[in-house]
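Participant: Pasting in a structure now, in C-alpha cells, and then I'll have a few things to ask.
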Amino acid sequence: MEWDRTTVILLGLCAIVIAAVVYALGPRRRTGGFAYQAAGPLLTRAEYGAFCWLQRAVGTRACVFAKVRLADLVKVKEAFLSPRDRMRALGYIAQKHVDFVVATRRGDVLFALEVDDRSHCRRDRRERDAFVNEVFEMANLRLVRVRPGRLDESAALRQEIAKLDARKGEG
C-alpha cells in the first residue's frame, strides 16, 4: 500500500503532537501537577551571619546544621494515640524548623539555636515560638534563643559552647 504525501505529513504531525503531550504531561504527573522553582538562599542575611559566627565558635568540636525540621529532632509519643491524633501531632512538628542545630560528629543533638529577628514580635510567631519552646522542653532538648548580631552577648549560648570541651571525647 502506498500512502500519499498528505497522509504521511498528517501522521508525522500527529506523532509530534502526541509526543509533545506525553512530554508535557509526564513531569506534571510525577509532581502532582504543581510547578516548582528554586527558593533562593537557604539563609537570610541575619541567619547567615549567625551561621558563620556559630561555625567559628564551635570549630571542629561539633557540627552545625541549618534549617532542621522539628520532626527530625523529636518524635511523637504514640502511646494511647489514635492514628488520626498521631498524624495531627506529627503535622504540628513536620512543617516547623529551628534555625540551627549543633550536634556531635555522629549526629547526637547537643543544642538548637533560634535567631529571633523582628518577625518574632508578631503574634503568630510568638505563638509558634511558645509551641517550639514547649516541644523542646518535653523532649528534654536545649534550645537557645538569640537576637541577630548578638550571639556573642548570649550567656546561654556561651554556656552551651563551653560544654563542647567537656564532650570532646564523645564525638
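The values are calculated or read from the model by the stated rules, or taken from the named source; none is laboratory data. Quick caveat, the model's predicted, so the values are computed rather than measured. Here the Cβ positions follow ideal geometry from the backbone for every residue, glycine too, while neighbour counts run over all protein chains shown. Heavy atoms of the whole protein, side chains included, go into the accessibility calculation; ligands, DNA and RNA do not. Shrake-Rupley method; radii C 1.70, N 1.55, O 1.52, S 1.80 Å.
Participant: Determine whether region 86-97 contains at least one residue that is outside any loop (DSSP other than H, G, I, E, B) and open to solvent by less than 20 Å² (accessible area, probe 1.4 Å). Before the answer, list the steps.
Facilitator: Looking only at region 86-97, we keep the residues that are outside any loop (DSSP other than H, G, I, E, B), and these are 86-94, 97.
Then keep just the ones that are open to solvent by less than 20 Å² (accessible area, probe 1.4 Å); that gives 93.
Checked region 86-97: at least one residue is outside any loop (DSSP other than H, G, I, E, B) and open to solvent by less than 20 Å² (accessible area, probe 1.4 Å).
Participant: Out of all the residues in region 96-131, which are farther than 24 Å from Ala162 by Cα and of a type in the set (A, V, I, L, M)? Quick ask: steps written out before the conclusion?
Facilitator: Residues of region 96-131 that are farther than 24 Å from Ala162 by Cα, as a first pass: 96-97, 117-131.
Passing the criteria: only Ala130.
Participant: Out of curiosity, is Arg158 modelled with pLDDT of 90 or more and either in contact with a His (Cβ under 7 Å, 6 or more places away or on another chain) or part of a helix (DSSP H, G or I) (or both)? Give the derivation first.
Facilitator: On the way: modelled with pLDDT of 90 or more: yes; either in contact with a His (Cβ under 7 Å, 6 or more places away or on another chain) or part of a helix (DSSP H, G or I) (or both): yes.
Yes.
Participant: Which residue, of Phe80, Phe65, is among the aromatic types (Phe, Trp, Tyr), open to solvent by 50 Å² or more (accessible area, probe 1.4 Å) and part of a loop (DSSP other than H, G, I, E, B)?
Facilitator: Details: Phe65 fails: part of a loop (DSSP other than H, G, I, E, B).
Matching residue, one of Phe80, Phe65: Phe80.
Participant: Output the qualifying pairs, or none if there are none: Cβ atoms under 8 angstrom, residues six or more apart or on different chains, first residue in region 124-151 and without any contact (Cβ under 8 Å) to a residue 40 or more places away in the chain, second residue of a type outside the set (Asp, Glu) and loosely packed, with under 13 Cβ neighbours inside 10 Å.
Facilitator: What qualifies is Arg125/Ser119.
Participant: Check region 42-56 and report whether any residue there is farther than 30 Å from Ala162 by Cβ, free of Cβ contacts under 8 Å to residues at least 24 places away in the same chain and of a type in the set (Lys, Arg).
Facilitator: Initially, region 42-56 is screened for residues farther than 30 Å from Ala162 by Cβ, giving none.
There is no residue in region 42-56 that is farther than 30 Å from Ala162 by Cβ, free of Cβ contacts under 8 Å to residues at least 24 places away in the same chain and of a type in the set (Lys, Arg).
Participant: For Phe136, indicate whether it is under 26 Å from Glu78 (Cα atoms), surrounded by 16 or more Cβ atoms within 10 Å (Cβ to Cβ) and touching an Asp or Glu at 6+ places or on another chain (Cβ under 6 Å). Reasoning before the result, please.
Facilitator: Working: under 26 Å from Glu78 (Cα atoms): yes; surrounded by 16 or more Cβ atoms within 10 Å (Cβ to Cβ): yes; touching an Asp or Glu at 6+ places or on another chain (Cβ under 6 Å): no.
In short, no.
Participant: Sort out which residues of region 23-46 are closer than 30 Å to Arg158 by Cβ, surrounded by 10 or more Cβ atoms within 10 Å (Cβ to Cβ) and either at pLDDT 90 or above or basic (Lys, Arg) (or both), and write them in order of number. Explain how you work it out, then say what you get.
Facilitator: Of region 23-46, the ones closer than 30 Å to Arg158 by Cβ are 41-46.
Now drop any that are not surrounded by 10 or more Cβ atoms within 10 Å (Cβ to Cβ), which leaves 42-46.
If the condition is that a residue be closer than 30 Å to Arg158 by Cβ, surrounded by 10 or more Cβ atoms within 10 Å (Cβ to Cβ) and either at pLDDT 90 or above or basic (Lys, Arg) (or both), then Leu42, Leu43, Arg45 are the ones that fit.
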